[in-house]
Structures are given as C-alpha cells and as structure tokens.
Amino acid sequence: MRTKRFMTTAATVSALALTLAACGGGDDEGDNGGDNGDTGTSEGDGGDAGGEGDSGEGDGGDAGSAGGEITIGVHSGWEEGIAVSHLWQAILEEQGYDVTLETAEAGVVFTGLAQGDYDLNFDTWLPNTHSDYIEQYGDDLEELGMWYENAPLTMAVNEDAPIESLDELADNADEFGNRIVGIEPGAGLTRITTDEVIPTYGLEDMEYVISSTTAMLSELSAAIDSGDNVVVTLWRPHWAYDAFPIRDLEDPEGAFGEPDDIYTYGNAEFSSEFPEVAEWIAGFTFSDEDLAELENIMFNEMGGNSNDEAVEQWLADNPDFIDSVVSGGGEAGGETDTEGGESGTEGAGSETDSEDAETES
C-alpha cells in the first residue's frame, strides 16, 4: 500500500540535479531521451528501433505467434508513462518479446506511432490533452484500452499563496512575479493553457514561460526553497504533490476541461500483429496506489536513474502482478494481492526521467 511521504526541498533539488547531470548517459541504458523529441534513443534490450522503422513488423510480428519485436514510444518527461512503459517492458520480455523503449516529445511519438515506427504508447490523455493528435492521426491508430481514470490538468501554487482560484490570479499577478511557469511547447497542457485558460481568466498580461518540465520543476523547487510565490502548470498524477507543499487553484469556469483518462494506443496494425498482447492491454488497469508506489520507487527513491531496477523492486513486492495481467484475471494491481485499489486522482506521477528522456534546463 502507498506510503505518502513528503520529501524535503533539498532532497528534491538533489534529485533534480542528478537528473540533469545524467544527460550524458543513463545508468545502464545509454543516452537519455529528449524533451525536444529526439527519436533515435534506443533503450533496454530490444536493439535498434524508432527512426529506422524497426517496430515489430519483422521477426515474430505475425499474428498468433509468441514473441516478436515491440517498440514503445514514451513521452519525454511524463513519469506515469515512463513508469508504465518500463513496467510493460518487463511484462512483455518475461513473455518472450523483444522490447525497445524510445523517448520523444509527444507530437513526435504520435507521428511515429501513426507511421508504424512505434508499436505502442501508454500515455495518451483523453478527451482533452492529446485530442489534437488523435484527431490528426486517429485513422492510423488503434485504441487498445484505458488504464487510469480521472487525471486532471491544473495550475498549482505554493500552499501559502495568497489566492485560491484562477479568477483571482490576474489581480494578483505581481505576487507571482507576473509569471506562469509552463512545460514543453508541444504538450497538450501548454496548448490548453494558451488557448483556453489564459483568455478565460484574462491572464494575457502575465508572462507565460514555456520551456520544459525539468525547468518548471526546478523553478518550483527554487521558489519553495526561497519562500516565494509561484504558479506552474501541472497535472495529476504527479509526484510534485508529494514532494512540495503545493495545491491546485480552483477552475470555476472549467477552462481546463473535465479530467482526462489515460489510454494505451497502438499503430493501426497492432492487434492483428500482436493479438495476445492486445488482449492483455485491453484488460489492464493500474490503481492509484500501485502507480504511486512504482513512481515513488522510480523517481523519488532512485531519482529516475535506475528505472528497470525500480520495476524489478516493485514486481518483487507484487509477485502476482504479471500473472494477473497475462491471465486476464481481473484488475491488474487492483483486485489482486498487490494491495491496490480503484483508479483515482491522487497518483504521484512525475516528469523527470534520466533514463528515458533528454532533459532541458
């Protein structure tokens, strides 16, 4: 069961520093991926993949055959997707598949998925965050299942900030240095903030800083450490809610939209090439408690530097998990012996991955 822990700011800064320092190479998986969307980073034991189009169409990809090559596209910096992608790498490799993880900015992942360069993506947020990509590429993609329910987009502030709601922000912009700190330019959260939230609440005169998730977390950490007010774009599940004393601003106009759910998408041929895997994915859900446990190990305890080791540790603590997934015996991580629960909104997801993602500062 999840143990909620509040890290000190100093410990979090150290973890972020380790992440940035790791840009030259991962713990044991080669170059880190990129917030700016490099697609050539191969990870794990799967061999070359990604830009060369080696995404499971060759050896072992025939329908009905066990094993084969599967490439998973991972959104740069999105911890819940990083964690679940590494978890599924472990699941599939135990079942005889050859799996490669490749990290890129979300737009590049969806393009590669539609073109067949990637086979899977476990981090598609709908109906809001990634709706533009599904509208653009939907004819060349296949929805395989929803694994996490109720994941809202938000704007967050330090818990002692002088406002409670987004409709107070414009009148108190000076309290926040007249700045809103955002993430990557290609993120759905960035688009929704620009097109919906800012005009709805009259925030056009505030500087909207768009850079990277890593830079946003660094600014958040520095502001908390210095006692300054700060407002950042964020989402749940995210480990920042455990690591920092922060809270969401109310959204009375509903500008962020209803909370998303998180889906797995494959390229258009996935079910026909990998029917067994498609069946496993269709039955897969991940409880809030189990996601929090895995991400706490991966990003808080191990600093995003040993993701495969984090998965191994979590699976050792949840020995029936893989069997529950491949047997189709109910909710993975929920109704089993993993002490999980129903999907919720309090995940401790996270956005810095030294093994999967190039990070920008």
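The values are calculated or read from the model by the stated rules, or taken from the named source; none is laboratory data. Being a predicted model, the structure only gives us computed values, none of them experimental. FYI the Cβ positions are ideal-geometry reconstructions off the backbone, even for glycines, and counts take in every protein chain you see. In case anyone asks, the SASA skips ligands and DNA or RNA and just uses the protein heavy atoms, side chains included. Shrake-Rupley method; radii C 1.70, N 1.55, O 1.52, S 1.80 Å.
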key: 3J(HN,Hα) from dihedral phi, segment 163-174, Karplus parametrisation 6.51/-1.76/1.60, rounded to Hz, x for glycine, proline   = 10, 10, 9, 4, 6, 9, 5, 4, 6, 10, 4, 4
inquiry  = 7 Å from Cα along Cα→Cβ at both T194 and Q115: what's the point-to-point distance in nm?
reply    = 2.2
ask   = So what's the convex hull volume per residue for the Cα atoms of segment 167-279, in Å³?
value = 137
remark   = Quick calc: nm separation of the 7 Å Cα→Cβ label points for D132 and D228 -> 2.9
query = Using 1/(1 + (r/R0)^6) with R0 = 56 angstrom and r between the beta carbons of M146 and D174, what's the FRET efficiency to the nearest 0.05?
reply = 0.85
ask   = Considering only the other residues whose Cβ falls under 10 Å of the Cβ of V209, what net charge follows from Lys and Arg at +1 and Asp and Glu at -1?
value = -1
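Count the net charge of all other residues whose Cβ sits under 9 Å from the Cβ of A173, scoring Lys and Arg as +1 and Asp and Glu as -1.
After counting each charged neighbour, the total is -3.
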task = Per residue of segment 92-109, in order, report the coupling 6.51 cos²θ - 1.76 cosθ + 1.60 (Karplus, θ = phi - 60°) as ³J(HN,Hα) in whole Hz, putting x for Gly and Pro.
result = 5, 5, 5, 8, x, 8, 9, 10, 10, 9, 10, 9, 7, 4, 3, x, 5, 4
request  = For segment 267-283, just list the computed ³J(HN,Hα) in residue order, Karplus coefficients 6.51, -1.76 and 1.60, θ = phi - 60°, integers in Hz, with x standing in for Gly and Pro.
outcome  = 5, 4, 9, 4, 4, 6, 7, 10, x, 5, 5, 4, 5, 4, 5, 4, x
query = Residues with amide H under 5 Å of G145's amide H, sequence separation 5 or more or different chain, H placed in the peptide plane at 1.01 Å from N; which?
reply = T264
ask   = How big is the accessible area of S211 in square angstrom, nearest 10, if you roll a 1.4 angstrom probe over the protein chains?
value = 40
remark   = accessible surface per residue for segment 78-143, probe 1.4 Å, DNA/RNA/ligands not counted, whole Å² -> 28
request  = With the full set of protein chains in place, find how many percent of the accessible area of segment 221-318 is carbon and sulfur; take the probe as 1.4 Å.
outcome  = 41
key: Gain on full stretching of the segment that runs from S327 to S272 - 0.36 nm per residue minus C-alpha separation   = 17.8 nm
task = Round to the nearest 10 and report in Å² the accessible area of R247, as given by a 1.4 Å probe over the protein chains' heavy atoms.
result = 50
key: Gain in span if fully extended, E164 to Q95, counting 0.36 nm per residue against the direct Cα distance   = 19.9 nm
inquiry  = Could you tell me the ratio Rg/Rh of segment 176-220? Both radii from Cα atoms, Rh via Kirkwood.
reply    = 0.96
query = Non-local amide H neighbours of F256 (under 5 Å, H modeled in plane, Pro and chain starts lacking H): which ones?
reply = none
